[in-house]
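The values are calculated or read from the model by the stated rules, or taken from the named source; none is laboratory data. From a predicted model like this one, the values you see are computed outputs, not experimental measurements. Reconstructed Cβ throughout: ideal geometry from the backbone, glycine too, with neighbour counts over all protein chains shown. The area values use the complete protein model at the heavy-atom level, side chains included, leaving out ligands, DNA and RNA. Shrake-Rupley method; radii C 1.70, N 1.55, O 1.52, S 1.80 Å.
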Amino acid sequence: PIREAIHKLSKEGLVTLIPRKGAEVAGISKKMLTDVLRVRMNLEKMAFGLAFENISDSQIKELAELAKAFETSVSSGDILKMTEADENFHFVIYDAADNNKLREILGNLKENMYRYRLEYLRNPEYRALLVSEHYAMVESFKENDLEKGLQTVERHIANQEKAVVEKLKEEEETKKAN
């Protein structure tokens, strides 16, 4: 079972297999990041569009509460709480989309996204932006403005890519300097 788990992690790009040595956690590459976030962007926009057709008033209220919970977690500075609050926010949208297969795919993608999300949330400069994007998504549901919501989702994912790419460049420059 352990060997199968390691091979599964390798297929997902999370572990690098080293012949006759074992496995190690894979680094984050710009290509891998871009691939994952492009898929995520399209799936998130699909989920948002479907949710827009189906979302209930109680789900909009829950989203607003979760946007506030995310803001509170940002104020605390606790990365794990921020990650959990961010995921909870997005999963309400997935639930409102009412598409089990899409939710399953996005749930599986969550594992690939986890480390990118952590890198993004580690950068305090982007946290206020994330908070405002969550609130903008809630407002687009309240205002019945699908286009505004889809633009916000796209910006939300693009900002994540930008932040993590910046972090990768910093790490690369640090390695070159040492």
| request: Collect residues whose amide H, placed 1.01 Å from N in the peptide plane, falls under 5 Å from the amide H of Ala23; neighbours closer than 5 in sequence don't count. | output: Ile18
| Of Thr34, Thr72, which has the most accessible area with a 1.4 Å probe, and how do the rest follow in descending order? | Thr72, Thr34
| Helix axis angle, 2-11 relative to the chain longest principal axis, alpha carbon, degrees | 70 degrees
| task | Report, to the nearest 10°, how far helix 30-54 tilts away from the longest principal axis of the Cα atoms in the chain, using its own Cα long axis and a range of 0 to 90°. | result | 20 degrees
| said: At 1.4 Å probe radius, can you tell me the per residue accessible area of region 40-167 in Å²? | reply: 47 Å²
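Could you tell me whether region 65-178 comes out rounded, prolate or oblate from its Cα gyration tensor? Rule is a ≥ b ≥ c as square roots of the eigenvalues, rounded for a/c under 1.5, then prolate if a/b exceeds b/c, otherwise oblate. Write down the numbers at each step before the final one.
Values: a/c = 1.84, a/b = 1.62, b/c = 1.13.
Note, shape of region 65-178 comes out prolate.
Of all the accessible heavy-atom surface of the chain, with the other protein chains kept in place and a 1.4 Å probe, what percent is carbon and sulfur?
Whole-percent figure for carbon plus sulfur exposure: 51.
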| remark: To the nearest 20 debye, the chain has a Cα-centred charge dipole, built from +1 on Lys and Arg Cβ and -1 on Asp and Glu Cβ, of 980 debye
| In what sequence, highest mean first, do 141-149, 166-174 appear when ranked by Cβ atoms within 10 angstrom? | 141-149, 166-174
| note | Once the dipole of the chain is set up from charges on Cβ (+1 Lys and Arg, -1 Asp and Glu), the residue from the list Pro1, His134, Ala67 lying farthest towards its positive end is Pro1
| What value, in deg cm²/dmol to 500, does the helix sum -39500 (n - 2.57) over DSSP H runs of n ≥ 4 give at 222 nm once divided by the residues of the chain? | -29000 deg cm²/dmol
